[in-house]
């Protein structure tokens, strides 16, 4: 029977949502490939909170996590993750060792996943492979100050969701924005009042 890995690094770790019926066992924390991550995605699903994305421009290398799919085909595993992410299958990256096939928005990500899968007994792996959209949605170039300004402008449920997302992200996902927020009294005392 084929084994397929689902790679996670953000909310997927604590909120499997639609994916829950299609995974086996628990997350293998920090056992996935090291990928450059940063909170440079403005998430429509999460009320404009900043979410993690593979970011080859501003991301720092961070360990990812792995959970096994219960599916017997890579196509089904891709479809399952796309449904959970509320996105199209084009935004799901994959490597398929059996067919020698792969898909990713970035060649460097694809190469990293091929190297990782080669050191495992998985037949394939899938991951959320969207691209950052901070510039497109805010009109500002992404940077630490621009990201902080974006968070400072959030109120109500949007601010609550931003705090929940960043606080629940696995501890070893250490990015410049997360470091700045760790030292920010505002972040620790902000409320949605």
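All of the numbers you see were taken from the coordinates with simple rules; none came from a lab. All values reported here derive from a predicted model rather than from experimental measurement. Here the Cβ is made from the backbone with ideal geometry for all residues, glycine too, and neighbour counts use every protein chain on show.
Quick notes on this structure:
- Considering each residue of region 152-162 in turn, at least one proves to be out of contact with any helix residue (DSSP H, G or I) (no Cβ under 9 Å at 6 or more places or on another chain), surrounded by 13 or more Cβ atoms within 10 Å (Cβ to Cβ) and within 21 Å of residue 19 (Cα to Cα).
- Flag for residue 51 being part of a strand (DSSP E or B), under 25 Å from residue 152 (Cβ atoms) and in contact with a helix residue (DSSP H, G or I) (Cβ under 8 Å, 6 or more places away or on another chain): yes
- Scan of region 126-145 for residues that are farther than 21 Å from residue 33 by Cα and touching a helix residue (DSSP H, G or I) at 6+ places or on another chain (Cβ under 7 Å), ordered by number: 138, 140, 141, 142, 144
- For region 109-133, a residue qualifies if it is part of a loop (DSSP other than H, G, I, E, B) and surrounded by 14 or more Cβ atoms within 10 Å (Cβ to Cβ), and the qualifying residues are 120, 122, 123, 129, 130, 131, 132, 133.
- Beta carbons closer than 9 Å, at least 6 apart along the sequence or on distinct chains, pair a first residue in region 72-99 that is on the phi > 0 side of the Ramachandran plot with a second that is loosely packed, with under 15 Cβ neighbours inside 10 Å and in a loop (DSSP other than H, G, I, E, B) for 86/44; 86/45.
- Subset of region 134-154 that is part of a helix (DSSP H, G or I) and under 16 Å from residue 59 (Cα atoms) - its residue that is nearest to the chain's Cα centre (by Cα): 134
- Residues satisfying the stated conditions in region 1-41, i.e. crowded, with 22+ Cβ neighbours inside 10 Å and in a strand (DSSP E or B): 4, 5, 6, 7, 8, 35, 37, 38, 39, 40, 41
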